[in-house]
Amino acid sequence: MRTPAYFAAAKRLGLRTVQWSVAGFDWKKITAAEIAERVLRDVESGSVILLHDGDSAGKRDRGATVAALPMIIEGLRVRGLNVVPLSQLLEPEGPRHFSKRSARRKSRPEKKPIVFLDFDGTITKRDVVDVILERFADPRWLTIEEDWKSGRIGSRECLSKQMQLVRATKDQIDDLLDSIEVDEAFVRLLDTCSAHGVEVHILSDGFDYCINRILGRPSLNLQERLGSARILSSHIEVDKNQWKVDFPSFHQSCAHGCATCKPAMMSLLNPNRGPAIFIGDGLSDKYAAASADLIFAKDRLADFCRAEEIKYRPYKNLGEVADQLDQLLSANVALAQNLVERARAGA
Ligand SMILES: [Zn+2]
């Protein structure tokens, strides 16, 4: 159909011809994963993707094309690309024939995904604040905890009140912090993100002193790996055996009463609006999960996501997250397909 006569006729009629720059070859007898793979291999910002609806000449149904779409959309999202209507892609003064070359000229740098990690229970195996309270606080901390869990108070008020009930010397807290285990695959997760050029930041309602002591453990060898990571958390300092708290990552716009407002900090750390990947485990992550593009959740955060029908990827340890991210960031379509199905089953 695309003959010189066609183009001449279209021009006479004042019609605009739009072509494609990337094809899924879905008219061939190939699988959904193969269609997605071909699209994701060549796609970039400004691409026009060719897929077919309706029956082809051979009366083959479009089941494979339909099944490829979630994989393609997921692969685009991870690279910071969105699907938009053609009318939005083509400016009024744009080229008449939207060819591969003009699509390339329009392309902008891809928006890199950014990884945000919770600390307590996510990087560490146990929630450090809970362990401190269990060991050193007046039991009334549990009543305050219930007020927070039920949503009657925010985490800022909760932590302020709970830490007032703690009596412990610096040495006692240090000993406890040194006994906290870190997820064995945390280093691998950092290395995976680094290999893909993806920034990692840590957002925590917990305390800077505790986080720095744990992550500064020489055996973990994290100093260089965390060189460019921002660690945003609550602040704590000791006065004899009492602990005073402050909330430098509290945000004016926060209506949740957060100690560290994770969605506000995610927005601040992500000025290019790359896809936000959040990894967490607890209720202090619920507002972050609601504003992330891709969520890895376990324990209470997974329960919350299920209850709120927020799509998430379940995980048990950071090794699973590292593996999934490596595959996703490499746009490995077979795994993307698997993840789309798993996320659907989990949601
Ligand atoms: Zn908040």
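The values are calculated or read from the model by the stated rules, or taken from the named source; none is laboratory data. The structure displayed is predicted, hence computed values, not measured ones. All Cβ positions, glycine included, derive from the backbone under ideal geometry; neighbour counts span all protein chains shown. When the accessible area is computed, the model is the full protein with side chains, heavy atoms only, and any ligands, DNA or RNA have been set aside. Shrake-Rupley method; radii C 1.70, N 1.55, O 1.52, S 1.80 Å.
Couple of notes before you dig in:
- Scanning the range 162-218 for residues that are of a type in the set (K, R) and either touching a strand residue (DSSP E or B) at 6+ places or on another chain (Cβ under 7 Å) or not in a helix (DSSP H, G or I) (or both) yields R167, K170, R217.
- Residues in the range 276-299 that are within 15 Å of the ligand (Cβ to nearest atom) and part of a helix (DSSP H, G or I): L283, S284, D285, K286, Y287, A288, A289, A290, S291.
Table: residues versus (1) over 28 Å from A67 (Cα atoms); (2) surrounded by fewer than 16 Cβ atoms within 10 Å (Cβ to Cβ).
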residue: P4; (1), (2): yes, yes
residue: F7; (1), (2): yes, yes
residue: R12; (1), (2): yes, yes
residue: R16; (1), (2): yes, yes
residue: Q19; (1), (2): no, yes
residue: A23; (1), (2): no, no
residue: K29; (1), (2): no, yes
residue: E34; (1), (2): no, no
residue: E37; (1), (2): no, no
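Residues checked against (1) over 17 Å from V128 (Cβ atoms); (2) within 10 Å of the ligand (Cβ to nearest atom); (3) not basic (K, R):
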| site | (1), (2), (3) |
| --- | --- |
| E237 | no, no, yes |
| A259 | no, yes, yes |
| S267 | yes, no, yes |
| G274 | yes, no, yes |
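- Tally, over the range 115-161, of residues that are assigned to a strand (DSSP E or B) and open to solvent by less than 10 Å² (accessible area, probe 1.4 Å): 4
- Taking the numbered list (1) surrounded by fewer than 12 Cβ atoms within 10 Å (Cβ to Cβ); (2) within 30 Å of K29 (Cβ to Cβ); (3) at pLDDT below 70 in turn, K100 passes all entries but (1).
- So P95, is it surrounded by 15 or more Cβ atoms within 10 Å (Cβ to Cβ), modelled with pLDDT under 75 and not acidic (D, E): yes
- The set of residues in the range 275-295 being surrounded by 20 or more Cβ atoms within 10 Å (Cβ to Cβ) and more than 16 Å from C158 (Cβ to Cβ) consists of P275, A276, I277, F278, I279, G280, D281, A288, A289, A292, L294, I295.
- Residue within the range 189-206 that is under 22 Å from R126 (Cβ atoms), loosely packed, with under 14 Cβ neighbours inside 10 Å, modelled with pLDDT of 95 or more and not charged (D, E, K, R) present: no
- Residues within the range 239-256 that are over 23 Å from the mean Cα position of the chain (by Cα), surrounded by 16 or more Cβ atoms within 10 Å (Cβ to Cβ) and within 16 Å of the ligand (Cβ to nearest atom), tallied: 1
- The residues on offer are A36, A23, A8, A32, and the sole one that is over 25 Å from L81 (Cα atoms) and in the same structural domain as L81 (by TED's automatic domain parsing) is A8.
- Tally, over the range 2-29, of residues that are at positive phi and either at pLDDT below 75 or not hydrophobic (A, V, I, L, M, F, W, C) (or both): 1
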